[in-house]
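Here is the structure we will look at, set down as structure tokens.
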Amino acid sequence: EIGGHDTYLHKEIFEQPESLARMLSGRLDERFATARLDGLGIDPRELRGFKRVKAIGCGSAYYVGQMGASMIEDLARIPADAEAASEFRYRNPIIEPDTLYVAVSQSGETADTLFAVREIQRKGGRVVGLVNVVGSTIARQCDGGIYLHAGPEISVASTKVLTHMAVGFAMLALTLGRVRDLSYADGARIIAGLKSLPEQVQQVLDTDDEIAGAAASLVGAESLFFVGRVRGYPVAREGAQKLKEITYQHAEAYQTSELKHGPLALISTSMPTVAVVPNDELVDRNIGALQEISARGGRVLALTHEGVNLDGLDVQRINVPDGEVELQVVLLTVALQLLAYHVATQLGRDIDRPRNLAKSVTVE
Ligand code: BG6
């Protein structure tokens, strides 16, 4: 037993309300409706000059980079995307002087991410870090950054640090937005949303028993789909990744919008779908896709928000609080962490030390 928890993974998932509150404290500037990110070391005029943002990281850090890119496009209206650092570094990437590169890493020691950072810098690019481990190699190599302050993470599969990465991106998006066209009112709305996050994450954790029940229906499935679109897609990718890592069940993430262009052929009673359904402008389209899956005999577990009406649909649901649309990914991600944990527990897996994986991969 680890402080009342059966595993580090469980402990780390349940630490999040507290660790998030700590991360946010002192970083929200209510007077100017922005974030205070002194560690970035970039003045507002320079910040305004970036024409593009590119996040790089490996594994889950890459998927959170994709969540972050959406937040930046939503709040700052700057083109943003994410790429696996392991691919980026080997493809002779074109480095643009007016792109802000963001290296995302829990350990700060992942070789692929570190080499990508050096490659960007060698070609004159500016890289900031979203890193958890203070004084780590990537943190020191970057030109500035945002420390995640999540505390140590022992379990190989990352949970709380991912949530912190997403919140770090939200603060970066807010800051980039407020030196551009994001209004004071919208900035204040995001600040209020960030302040509510620790409590809302606690509400997700309070549905633990319900999530354990839902997990039971996924145990033993030969393969699963995790689907989401736009903001929900990286959440689905991360959900599938977590499930694969700790349960050894096969899961494939797909864009909900692309299902009908191919993989719908795989839907059957033996292939359950976990659907990420944010309460955003695409909710009706997502509901339509869920109907198509159930009409083909596919079981659906919808990860969604209290305010989403799924009446008349034959789906199981897990609800997270509503929250600001740009921040919903945080709550959905936490629910998927618990889902993977419960499937793995019910299968009797070695939760903290999954086979074949290392916490950080410092070799090439
Ligand atoms: C992988 C770990 O090898 O590295 C993943 O198993 C992790 O859990 C990835 O997401 C990136 O690690 P880091 O430390 O750079 O965030």
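The values are calculated or read from the model by the stated rules, or taken from the named source; none is laboratory data. From a predicted model like this one, the values you see are computed outputs, not experimental measurements. Here Cβ is always computed from backbone atoms with ideal geometry, including for glycine, and neighbour counts include all displayed protein chains. Just so you know, the surface numbers come from the protein's heavy atoms only, side chains and all, with ligands and any DNA or RNA stripped out. Shrake-Rupley method; radii C 1.70, N 1.55, O 1.52, S 1.80 Å.
Listed values, structure above:
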{"quantity": "The stretch 136-146 - residue that is open to solvent by 30 Å² or more (accessible area, probe 1.4 Å) and at pLDDT 95 or above and, of those, nearest to the ligand (Cβ to nearest atom)", "calculated": "137"}
{"quantity": "Tally, over the stretch 195-234, of residues that are within 30 Å of residue 263 (Cβ to Cβ) and open to solvent by 10 Å² or more (accessible area, probe 1.4 Å)", "calculated": "15"}
{"quantity": "Residue identified as at pLDDT 90 or above and either within 16 Å of the ligand (Cβ to nearest atom) or open to solvent by 60 Å² or more (accessible area, probe 1.4 Å) (or both) among 356, 309, 319", "calculated": "309"}
{"quantity": "Helices (runs of 4 or more DSSP H) wholly inside the stretch 34-102 containing at least 2 residues that are under 17 Å from residue 176 (Cα atoms) and open to solvent by less than 30 Å² (accessible area, probe 1.4 Å)", "calculated": "60-76"}
{"quantity": "Residue within the stretch 117-134 that is surrounded by fewer than 24 Cβ atoms within 10 Å (Cβ to Cβ), assigned to a loop (DSSP other than H, G, I, E, B) and within 16 Å of the ligand (Cβ to nearest atom) present", "calculated": "yes"}
{"quantity": "Residue check, residue 270 in a loop (DSSP other than H, G, I, E, B) and free of Cβ contacts under 8 Å to residues at least 60 places away in the same chain", "calculated": "yes"}
{"quantity": "Criterion (buried (at least 24 other Cβ atoms within 10 Å of the Cβ) and not acidic (Asp, Glu)) met by exactly one of 192, 111, 166", "calculated": "166"}
{"quantity": "Number of positions in the stretch 1-26 that are closer than 19 Å to residue 198 by Cβ, outside any helix (DSSP H, G or I) and of a type in the set (Asp, Glu)", "calculated": "1"}
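Okay, residues lined up against (1) outside any helix (DSSP H, G or I); (2) touching a Pro at 6+ places or on another chain (Cβ under 6 Å); (3) touching a residue at least 60 places away in the same chain (Cβ under 8 Å); (4) over 24 Å from residue 220 (Cα atoms):
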| residue | (1), (2), (3), (4) |
| --- | --- |
| 307 | yes, no, no, yes |
| 326 | no, no, yes, yes |
| 333 | no, no, yes, no |
| 336 | no, no, yes, no |
| 339 | no, no, yes, no |
